[in-house]
1. Only one residue in V78, V133 is among the aliphatic types (A, V, I, L, M), surrounded by 14 or more Cβ atoms within 10 Å (Cβ to Cβ), modelled with pLDDT of 90 or more and out of contact with any Cys (no Cβ under 7 Å at 6 or more places or on another chain), so which one is that?
2. Please specify each residue of the stretch 33-55 satisfying the condition of being assigned to a loop (DSSP other than H, G, I, E, B) and of a type in the set (K, R).
3. Could you tell me whether V24 is part of a loop (DSSP other than H, G, I, E, B), open to solvent by less than 80 Å² (accessible area, probe 1.4 Å) and not small (G, A, S)?
4. Against the definition (within 22 Å of the chain's Cα centre (by Cα), within 24 Å of R46 (Cβ to Cβ) and assigned to a loop (DSSP other than H, G, I, E, B)), how does D122 come out, yes or no?
5. Among residues belonging to the stretch 167-183 that are open to solvent by 20 Å² or more (accessible area, probe 1.4 Å) and part of a loop (DSSP other than H, G, I, E, B), point out the one that is farthest from H101 (Cα to Cα).
6. Answer yes or no: is there a residue in the stretch 121-136 that is farther than 16 Å from A189 by Cα and of a type outside the set (D, E).
7. Pairs only if they're at least six apart or on different chains, beta carbon under 6 angstrom, first in the stretch 63-76 and assigned to a strand (DSSP E or B), second of a type in the set (A, V, I, L, M); list them, first residue then second.
Amino acid sequence: MALPALPALPALFGVAMLLLGAFVCLVSARHLWRTAALVRADPVDRIDGVAEGALVRVSGAVDAERTLTAPFSGVDCVAHRAVVEERRPGAFFLPTDVTIHEPTRSTAFAVRTPHARVSVADPVRTVALDSTVVATVGPDDDPPERIARYERETDGLGRETVWTAPPAPLVPVTRTLSLGRRRYSERRASPGDDVTVAGRVRDGRLDPLVVSTGSAGNALRRLSTTSLAGLLIGAVAVVLGAAILVLG
């Protein structure tokens, strides 16, 4: 008995591209819709009397009774994103800084507006905070002790990679291109900082969707850049997959 014919390889590739493109588009669109809460939300300076579940945004200074410690700088904060970038070959093998680690943490805090103190629950799903470079460390150099301890305690963040410890014949090239160099930065909101928080009113507090520094428009532009790039990449993959299926 003859075995059923297997799908042609181009067809399988086309289906895979369609599925991947659709997934990237969905994830990017979801992130874009969430960050758009900054401009969709109604601006208020207090949430007393605001309907449960209403989407609002408040602006003011961070007021906190307890804080987190930013992992690289040791600065007290209420929300942070720790970013580790490593210099690696990118498109067309040109050196570029690739993000290899980007966790976000937050704790409950309050925003003090001109007329009220608005409690903000945690966790924060998206942060659009100003970036501060804490350290830049070459592949042959040792990072500051606080950063070194963080790397030792974080899975998958060891210093030794193919770019920091390349094969001996490639060392002159990688060092000339600064491959393996790491940059450690933090996006953080600390007590006293001016922030804008968009979220929904829940039980007398603000359940945050986005916490940002600067104006809502500037934060939306910063956050939407990545989402729009993802949508473009996903759309290209969908078109390519569909073209392969149609022409194949």
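1. V78
2. R46 - this is the single residue of the stretch 33-55 that is assigned to a loop (DSSP other than H, G, I, E, B) and of a type in the set (K, R).
3. No.
4. Answer is yes for this residue.
5. Going through the qualifying residues, I end up with P167.
6. Yes, the stretch 121-136 contains at least one residue that is farther than 16 Å from A189 by Cα and of a type outside the set (D, E).
7. Every condition considered, the pairs that remain are D63/A110.
Here's the yes/no breakdown for (1) under 14 Å from H80 (Cα atoms); (2) surrounded by 15 or more Cβ atoms within 10 Å (Cβ to Cβ); (3) charged (D, E, K, R):
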| position | (1), (2), (3) |
| --- | --- |
| V137 | no, yes, no |
| E145 | no, no, yes |
| R159 | no, yes, yes |
| E186 | yes, yes, yes |
| A198 | no, yes, no |
| L209 | no, yes, no |
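The values are calculated or read from the model by the stated rules, or taken from the named source; none is laboratory data. Since this is a predicted model, take the numbers as computed values, not measurements. A quick note on method: Cβ atoms are made from the backbone with ideal geometry, for glycine too, and the neighbour counts reach across all protein chains shown. Accessible surface is based on the protein model in full, side chains and every heavy atom, while ligands, DNA and RNA are left aside. Shrake-Rupley method; radii C 1.70, N 1.55, O 1.52, S 1.80 Å.
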